[in-house]
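The values are calculated or read from the model by the stated rules, or taken from the named source; none is laboratory data. A quick note: this is a predicted structure, and the numbers were derived from the prediction, not measured. Cβ atoms come from the backbone with ideal geometry, glycine included; neighbour counts cover every protein chain shown.
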């Protein structure tokens, strides 16, 4: 019997403080589980879902909150592998395209949209560079076809004129503009929301998902677990232990050597670029494979990124962008804009650390994004490297390794066709007629359930100009595992990406949290 079944929560995806307390209590009576997963980012959540859906007794522990680390600091793109093609990493590119197709057509179509990516053909983009971009776009389209993602979902590459370019990105520089090349990729409404959906789906299949639980003294068959809210501890025995702690993997297993790379984004008002309908993609001068992206986001924002810088030293809870990175992003995007952006246009900024495998010298941009499944001398299985798009394949490989090396009795991997909570293919998804489009974009087939949350004035927004409803705040606490206002502001909604927005919304969020 799984801890979830023992505590009476089998078959439900709702995560909340009550379920957490009951499942922690049930762990004390559990002699052993099949799989203990350490880390509540996208990789750990994916492993928990893969294992639980195969019938394995699975426990996931996270010392902070779901999506606390790198998983919430991405560009929110579901990449088809174009960047990896440009650097000759064909295998990684193909894997990315396949996994993008799975997300967009089967497992999370409610969370992923097709996003046009536009490269303006300006005088600063020479003929040779334009030809390289077009060749890359065409190769990316070939990968889309190989992955069997329909062209109706991700339209083919095309060239457009100057007028259409300015319509899609009104702020683009018009002097010398000869049109643009346009390709399509996948975009998540939110990366943290994907993590929560995967974790909830894992819980529905019987996994125990516990935040604010720290794993220490980790071996291949056990770990000392401490509830950081109460200080109570217990030893949990498992037939296999998987370390999915991302950039903190070396703290779980000191034998792991990582070389973190910092990726920085700036947060701008969409109005600063004229409310673009496509991602403005600007080649980095002197590079054939690096671009700066101005990506339309929810909540009326633009995310401008992305850097790739060495980040040695201790791993901070929340990495901070440097002024040099901020300047680099602004300077690069300004080469394609009619009116230059300044530091005053920056409403917020964030940085994430990529858990890259340390292979020695060279720039971090040159390190492989391929993931690896490693096993230490004490038997801990660690998953490192990779990227958000390929989380499902990483999880499958990790569970396959645990099943094979530990002799676990498990069914086949199901996650290629297993819809996440909110996806249209699930029996608990419902029509969302008449509900705010922004709410539906974030919650899909669960939107009606969200709107029915037990809170006063459920469809009223939490603050003027912020399209998150009071119902979404209440639902985050009753169904999505949020334990306090900070979880809600920074990881169930992304209000916290702009500090001034968080300040305006916090009173309503704290009021709703207190009511619960």
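List the number of the failed condition for residue 152; all other conditions in (1) touching a helix residue (DSSP H, G or I) at 6+ places or on another chain (Cβ under 9 Å); (2) within 30 Å of residue 49 (Cα to Cα); (3) surrounded by fewer than 23 Cβ atoms within 10 Å (Cβ to Cβ); (4) assigned by TED's automatic domain parsing to the domain that holds residue 285 hold.
(1)
Could you check residue 287 against (1) in contact with a helix residue (DSSP H, G or I) (Cβ under 8 Å, 6 or more places away or on another chain); (2) surrounded by fewer than 20 Cβ atoms within 10 Å (Cβ to Cβ); (3) more than 29 Å from residue 249 (Cβ to Cβ) and say which number it fails?
It fails just one condition, (1).
Quick check on this structure: which one of 219, 264, 230 is assigned to a loop (DSSP other than H, G, I, E, B), closer than 25 Å to residue 386 by Cα and modelled with pLDDT of 95 or more?
Working: 264 fails: assigned to a loop (DSSP other than H, G, I, E, B); 230 fails: closer than 25 Å to residue 386 by Cα.
Just one listed residue meets the conditions, 219.
Restricting to region 475-511, name every residue that is over 24 Å from residue 347 (Cα atoms), touching a helix residue (DSSP H, G or I) at 6+ places or on another chain (Cβ under 7 Å), touching a residue at least 40 places away in the same chain (Cβ under 8 Å) and surrounded by fewer than 22 Cβ atoms within 10 Å (Cβ to Cβ).
Within region 475-511, just 483 meets the criteria.
Is it the case, given these coordinates, that residue 272 is buried (at least 20 other Cβ atoms within 10 Å of the Cβ) and under 28 Å from residue 327 (Cα atoms)? First the steps, then the outcome.
Working: buried (at least 20 other Cβ atoms within 10 Å of the Cβ): yes; under 28 Å from residue 327 (Cα atoms): yes.
Taking the combined requirement at face value, the residue satisfies it.
For the structure I just gave you, tell me whether residue 422 is part of a helix (DSSP H, G or I) and either in contact with a helix residue (DSSP H, G or I) (Cβ under 7 Å, 6 or more places away or on another chain) or buried (at least 19 other Cβ atoms within 10 Å of the Cβ) (or both).
Values: part of a helix (DSSP H, G or I): no; either in contact with a helix residue (DSSP H, G or I) (Cβ under 7 Å, 6 or more places away or on another chain) or buried (at least 19 other Cβ atoms within 10 Å of the Cβ) (or both): yes.
Criteria not met by residue 422.
Rundown of residues vs (1) in a helix (DSSP H, G or I); (2) under 15 Å from residue 191 (Cα atoms), yes/no style:
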residue	(1), (2)
84	yes, no
95	yes, no
113	no, yes
123	no, no
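Failed condition for residue 131, given (1) closer than 19 Å to residue 291 by Cα; (2) free of Cβ contacts under 8 Å to residues at least 40 places away in the same chain; (3) assigned to a loop (DSSP other than H, G, I, E, B), with all others met?
(3)
Would you tally the residues in region 160-188 being outside any strand (DSSP E or B) and farther than 21 Å from residue 126 by Cβ?
Of all residues in region 160-188, those outside any strand (DSSP E or B) come to 161-171, 173-179.
Filter once more, so that each one left must be farther than 21 Å from residue 126 by Cβ: 163-164, 166-168, 170-171.
Selection size over region 160-188: 7.
Name the single residue, out of those in region 27-52 being in a helix (DSSP H, G or I) and more than 20 Å from residue 479 (Cα to Cα), that is modelled with the lowest pLDDT.
Start the filter on region 27-52 by keeping residues that are in a helix (DSSP H, G or I), which leaves 27, 42-52.
Keeping just the survivors that are more than 20 Å from residue 479 (Cα to Cα) gives 27, 43, 47, 50-51.
Details: 27: 93, 43: 97, 47: 98, 50: 98, 51: 98.
Among those that are in a helix (DSSP H, G or I) and more than 20 Å from residue 479 (Cα to Cα), it is 27.
Would you pick out the residues in region 379-402 that are at pLDDT 95 or above, part of a loop (DSSP other than H, G, I, E, B) and under 24 Å from residue 73 (Cα atoms)?
Hits for region 379-402: nothing passes.
Restricting attention to region 185-192, does a residue exist that is farther than 30 Å from residue 483 by Cα and within 24 Å of the chain's Cα centre (by Cα)?
First, the residues of region 185-192 that are farther than 30 Å from residue 483 by Cα: 185-186.
Pick out the ones that are also within 24 Å of the chain's Cα centre (by Cα) and you get 185-186.
Yes, because at least one residue in region 185-192 is farther than 30 Å from residue 483 by Cα and within 24 Å of the chain's Cα centre (by Cα).
Inspect region 256-274 for any residue being closer than 28 Å to residue 310 by Cα and over 21 Å from the mean Cα position of the chain (by Cα) and give the result as yes or no. Talk me through it step by step, then tell me what you get.
Taking region 256-274 first, the residues closer than 28 Å to residue 310 by Cα are 256-268.
Subset that is over 21 Å from the mean Cα position of the chain (by Cα): 256-257.
There is at least one residue in region 256-274 that is closer than 28 Å to residue 310 by Cα and over 21 Å from the mean Cα position of the chain (by Cα).
So which residues in region 321-342 are in a helix (DSSP H, G or I) and exposed (fewer than 13 other Cβ atoms within 10 Å of the Cβ), if there are any at all? If you could, list the steps in order and put the result at the bottom.
At the first step, the residues of region 321-342 found to be in a helix (DSSP H, G or I) are 323-334.
Within region 321-342, 323, 324, 327 meet the criteria.
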